[in-house]
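The values are calculated or read from the model by the stated rules, or taken from the named source; none is laboratory data. Quantities reported herein were computed from a predicted structural model and do not represent experimental measurements. All Cβ positions, even for glycine, are placed from backbone atoms using ideal geometry, and neighbour counts span all protein chains on display.
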Amino acid sequence: MAPSTFLSNKIKYNLISVLGWEERCYLGVMKTSGIISVSKLVLLVFKDYLKYTSSNLGRIKELCLEKRIELQIVELSYSRTADAWSQIGSIIEHPAVKKENSILDVSTMPRETIWSFIFFARKKNIELRFIYFKPLHYGDWLCKEPDKPRLLYKHSGVAEFGKSTALIILTGFDYDRTSQLVRFYEPSLTVLGIQKGIQFDNQQRNIQDQHAAECKGQTTVSFFEIDAYDLRAASAILDDQIKRLKPDYNIIVSSLGPKLSAISIYDVFLTHPEIALTYVPTKEYNLSYSTGIDLEPIIGILPA
Amino acid sequence: MRNPFEFEAASNLSDEEILDFYIEDHNFSRFILSSRNIFLSGERGTGKTMTLLYNSFRIEYRKAKNLGIPFTFEKIGIHIPCKTPLIYKKEFELIADFRAFLIGEHYLSLYILHELASNLQSADETETAFENSNETLKTEFEYITSSKLHPSHSFLKSIELFVKKEVIDTQRKVNDQNSDEFYYNTYSFNSLVLPVLRMIKSVKLFSKSHFLFMLDDAHDLNSYQIQTVNSWIAYRDHSDFSFKVAITSDREYSFTTASGGSIIEGHDFTKVERENPYRSSGSDFGKMARDIIGRRLKLYLGIDENPESFFPINPEMEEDLATAKNITLAKAKLKFPKGTPKQINDYVYKYARAEYFRSRSGKANLPPYSGFDTIVQLSTGVIRNLLTPCYEMFDMAMSESGDNKKIDHIPWHIQSKAIEKVSKRKWESINSLHRNVEGCSELQKEYIYNLFNNLAILLRQRLYSDISEPRAIKFKISDASRDAMRRLDSIINIAQKAQLLYVRLGRDKDNGENTLYYELNRLLLPDRGLDPVGQHSTISIRASALWNAASKDKKIPFDKLEVKQNGTINIPFE
């Protein structure tokens with residue numbers, strides 16, 4: 001029986017993953033190869049982070065040998081953004097990546113990398129599957145040493161003269177990130193999408209008032225609630241927000257919350273290509289940001 | 001009740017609010033409204049945007065209307081904020097340099113033309129002025145650009161629509177997933193803005209107009225656009241237009257041009273610093289601060305009193321300060337039995353406040369910081385720093401008295417509490433620099449803390465020592481050519497970005513050379529029990545001593561014997 005309505009046990013899949021330092025990265029490859037038949041693992045290795053990720057690389061190499069999975073390592077430089085963008089394009093453009101045979105493990109993949117994959121997959125007119133494993137626990141902070149926020153190539157929207165800027169942030173546990181985005185873009189309006197639910201101490205760690213306090217005196221703030229784990233509902237809520245704001249604002253959207261919110265954002269971007277997608281490149285991450293892996297993955301098809 | 005001290009970004013204020021809030025500084029207005037190219041530099045919160053907006057055509061015109069006087073149309077300031085999604089686009093990184101230049105200039109030229117056309121239309125006189133020229137100018141424009149303008153609108157309106165459409169078409173093309181092609185139909189300042197400017201000047205109402213293109217936050221432009229703007233600035237003929245470019249600092253903006261040359265201060269442009277050196281309540285900034293607070297009290301609370309009454313000083317502190325002054329006066333008379341009044345006054349000026357701080361018991365809490373003058377001194381000459389403690393005080397006063405009770409003054413105990421809170425928060429902000437200041441590493445964050453902590457220790461040692469200038473809080477860096485300065489530079493840059501440190505250019509008293517003066521954000525001082533009221537004096541510290549303080553957490557050497565008679569103290573490298 002197929003492990004999910006989106007996957008088939010008759011297909012040998014290319015699994016595309018980013019080498020991370022979290023346990024989830026290695027465990028994700030292991031679990032996925034137990035759920036479906038993986039013939040090839042395309043592993044993106046950001047050279048900038050090798051000091052953190054090399055131990056997982058060794059484990060993944062051993063796993064691939066043991067499971068007879070062909071391993072293709074693609075080395076990228078996170079700081080050389082334009083090169084990384086082209087390399088992601090090349091991965092998708094490779095003839096081996098065909099309609100329905102490739103699956104992205106988005107669990108530890110940077111949001112901008114997910115968006116870039118979706119872009120090139122759509123360009124080639126193929127559908128990418130995705131698999132997402134939640135961790136068991138999150139650490140107390142995610143990242144430090146951020147660089148300037150950036151708009152994603154080809155997703156910088158269509159800004160109109162005469163409109164003010166609205167920034168939609170799907171918030172996460174890190175209040176500093178909210179503050180950084182607001183300081184950088186100086187939007188007239190900031191709309192904070194607050195994640196619902198009690199998972200991972202969400203209600204203690206993602207507090208609406210605290211995010212609002214970060215914006216105090218810099219921008220007008222409004223809120224909406226969202227559940228990023230329900231992709232369809234999240235897209236619908238975002239779509240409503242964007243429709244409401246679009247006549248008056250140039251909109252920039254950022255995902256700082258659950259990884260899956262990046263997929264909903266892309267879904268909405270396809271309906272509203274006028275919006276810009278932004279992300280914050282970061283140099284340092286918390287090595288113990290997450291621990292463990294949830295045994296029940298979320299599987300789906302990326303927006304096509 | 002709205003907190004009257006809310007700091008709202010100028011770009012989010014309505015025209016009326018700008019007119020209500022802005023306290024005109026004629027020194028700046030004179031520069032902004034001149035026909036010279038001007039660079040206006042100042043960190044965030046120093047009022048650059050407000051200054052540009054206040055002198056922009058939109059506001060100047062409204063000001064004239066409100067006063068019932070005719071607007072002359074001689075100086076027309078077009079405000080062009082660069083913090084927009086259009087400017088933040090990065091697709092230029094995917095194409096070759098030459099094309100990146102073209103697309104960057106194309107966006108900027110369309111943007112400038114849009115702001116020009118839409119702003120001019122806001123004047124009542126414009127429609128009539130163009131009545132007989134609309135069709136001729138439209139034909140001329142269509143001929144030059146080989147484009148079609150909207151047939152049923154005026155010249156300016158159809159130009160506005162044209163650039164709106166052009167910018168949308170360009171972005172769609174650039175972002176098209178199936179197109180790696182370049183957008184070939186690009187415009188430049190020369191091919192688009194200048195011809196339109198000449199057409200506008202052919203209309204009698206604007207024939208004598210000088211256009212001021214006010215590029216706000218120009219450090220946010222990409223490197224190609226910065227070089228393009230500099231090339232425009234290098235353009236010699238400034239009879240019809242000039243640029244007013246607001247930037248945070250030279251560190252964030254390069255002065256090179258597209259052709260590889262550079263523009264030079266004094267020759268191509270004049271530089272104006274928006275951060276005022278703050279010396280006393282009688283200084284330009286001191287007067288402006290009084291006006292800013294006074295106007296907000298009147299607008300929001302209907303209070304027509306002076307700010308000193310709204311922010312009264314703690315009577316005990318006032319009394320203790322008076323006692324310290326008397327003690328110092330007595331000491332001065334002993335020291336200079338035949339002293340001139342100037343000698344006596346100078347001595348009291350130098351030592352009276354130090355005497356107050358020294359006379360406080362070692363076990364006493366922090367001094368009860370309060371009073372409007374203290375608040376102004378804490379601002380370090382930056383408007384945002386002026387409003388921050390006031391906002392906190394008002395918030396606390398509201399919580400204490402209940403939301404609906406009228407607040408007619410801020411009790412001194414609340415002032416002290418708010419100042420302590422704001423100061424503590426400022427120190428705490430250093431802990432998260434590596435999480436929210438771009439380019440700051442964790443190590444640099446630690447260095448900044450060490451540096452500031454050691455500077456605070458030095459200031460405290462000086463305040464409590466019997467030296468010539470105990471309250472000096474500004475410093476300059478000697479031996480700046482050393483390797484230590486190069487390493488120090490990156491952390492100074494981050495501290496500046498985080499507004500923990502202010503750097504100002506001034507003339508050195510000793511040798512007349514231009515020198516950089518550094519000053520901690522004075523909001524940091526109360527948490528360490530220091531005096532925010534500085535004095536006319538500078539401490540000279542070696543770059544190597546500062547670097548050791550930052551990187552090795554070594555105390556900055558302080559040797560009382562090194563004190564010179566002129567008040568400058570040389571702290572030797574160990």
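Given B:Lys90, B:Lys138, B:Lys165, which one is touching a Lys or Arg at 6+ places or on another chain (Cβ under 7 Å), over 30 Å from B:Asn66 (Cβ atoms) and among the basic types (Lys, Arg)?
Of the residues listed, the single one that is touching a Lys or Arg at 6+ places or on another chain (Cβ under 7 Å), over 30 Å from B:Asn66 (Cβ atoms) and among the basic types (Lys, Arg) is B:Lys90.
Matching residues to (1) in a helix (DSSP H, G or I); (2) surrounded by 20 or more Cβ atoms within 10 Å (Cβ to Cβ):
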{"position": "B:Lys325", "(1), (2)": "yes, no"}
{"position": "B:Thr328", "(1), (2)": "yes, yes"}
{"position": "B:Lys331", "(1), (2)": "yes, no"}
{"position": "B:Lys338", "(1), (2)": "no, no"}
{"position": "B:Asn365", "(1), (2)": "no, no"}
{"position": "B:Asp373", "(1), (2)": "yes, no"}
{"position": "B:Asn385", "(1), (2)": "yes, yes"}
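Of all the residues that make up segment B:422-437, how many are touching a residue at least 24 places away in the same chain (Cβ under 8 Å) and within 14 Å of chain A (Cβ to nearest Cβ)?
Number satisfying all stated conditions: 5.
Output the number of the condition that B:His150 fails; it satisfies all remaining conditions of (1) surrounded by fewer than 20 Cβ atoms within 10 Å (Cβ to Cβ); (2) under 29 Å from B:Tyr224 (Cβ atoms); (3) touching a Ser or Thr at 6+ places or on another chain (Cβ under 6 Å); (4) not basic (Lys, Arg).
(2)
Looking only at segment A:186-217, which residues are within 12 Å of chain B (Cβ to nearest Cβ), crowded, with 18+ Cβ neighbours inside 10 Å and at pLDDT below 85?
Within segment A:186-217, A:Glu214, A:Cys215 qualify.
Working carefully through the options B:Arg36, B:Arg62, B:Arg58, find the one that is part of a helix (DSSP H, G or I) and away from every other protein chain (no Cβ under 14 Å).
B:Arg62
Condition check: part of a helix (DSSP H, G or I) and within 11 Å of chain A (Cβ to nearest Cβ). Does B:Tyr88 satisfy that?
Spelling it out, it is not the case that B:Tyr88 is part of a helix (DSSP H, G or I) and within 11 Å of chain A (Cβ to nearest Cβ).
Residue-wise test of (1) surrounded by fewer than 19 Cβ atoms within 10 Å (Cβ to Cβ); (2) within 14 Å of chain B (Cβ to nearest Cβ).
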residue: A:Lys12; (1), (2): yes, no
residue: A:Tyr26; (1), (2): no, no
residue: A:Val29; (1), (2): no, no
residue: A:Gly58; (1), (2): yes, no
residue: A:Lys61; (1), (2): yes, no
residue: A:Leu65; (1), (2): yes, no
residue: A:Val74; (1), (2): yes, no
residue: A:Arg80; (1), (2): yes, yes
residue: A:Trp85; (1), (2): no, yes
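Kindly indicate whether A:Lys31 is assigned by TED's automatic domain parsing to the domain that holds A:Lys98, basic (Lys, Arg) and in contact (Cβ under 8 Å) with a residue 24 or more places away in the chain. Walk me through it before giving the result.
On the way: assigned by TED's automatic domain parsing to the domain that holds A:Lys98: yes; basic (Lys, Arg): yes; in contact (Cβ under 8 Å) with a residue 24 or more places away in the chain: yes.
Yes; evaluated as a whole, the condition is true for this residue.
Residues being closer than 27 Å to B:Leu505 by Cβ and outside any helix (DSSP H, G or I): count how many of those fall in segment B:460-479.
Looking only at that region, the number is 13.
Checking the condition among the basic types (Lys, Arg) and closer than 18 Å to B:Ile292 by Cα, which residue from B:Lys48, B:Lys65 passes? Spell out how you get there, then give the answer.
On the way: B:Lys65 fails: closer than 18 Å to B:Ile292 by Cα.
Criteria check complete, one pass: B:Lys48.
A:Lys163: under 25 Å from B:Phe92 (Cα atoms) and either surrounded by fewer than 21 Cβ atoms within 10 Å (Cβ to Cβ) or modelled with pLDDT under 75 (or both), yes or no?
yes
If you go through segment B:91-121, how many residues are touching a residue at least 40 places away in the same chain (Cβ under 8 Å) and out of contact with any helix residue (DSSP H, G or I) (no Cβ under 6 Å at 6 or more places or on another chain)?
8
Suppose we filter segment B:336-363 for residues that are over 38 Å from the mean Cα position of the chain (by Cα), modelled with pLDDT of 90 or more and basic (Lys, Arg); how many remain?
Of the residues in segment B:336-363, 0 are over 38 Å from the mean Cα position of the chain (by Cα), modelled with pLDDT of 90 or more and basic (Lys, Arg).
Please go through segment B:100-119 and pick out each residue that is more than 9 Å from chain A (Cβ to nearest Cβ) and farther than 12 Å from B:Asn222 by Cβ.
B:Leu102, B:His106, B:Ser109, B:Ile112, B:Leu113, B:Leu116, B:Ala117, B:Asn119
Only one of B:Asp124, B:Asp97 is within 14 Å of chain A (Cβ to nearest Cβ) and charged (D, E, K, R); which?
So the residue among B:Asp124, B:Asp97 that is within 14 Å of chain A (Cβ to nearest Cβ) and charged (D, E, K, R) is B:Asp97.
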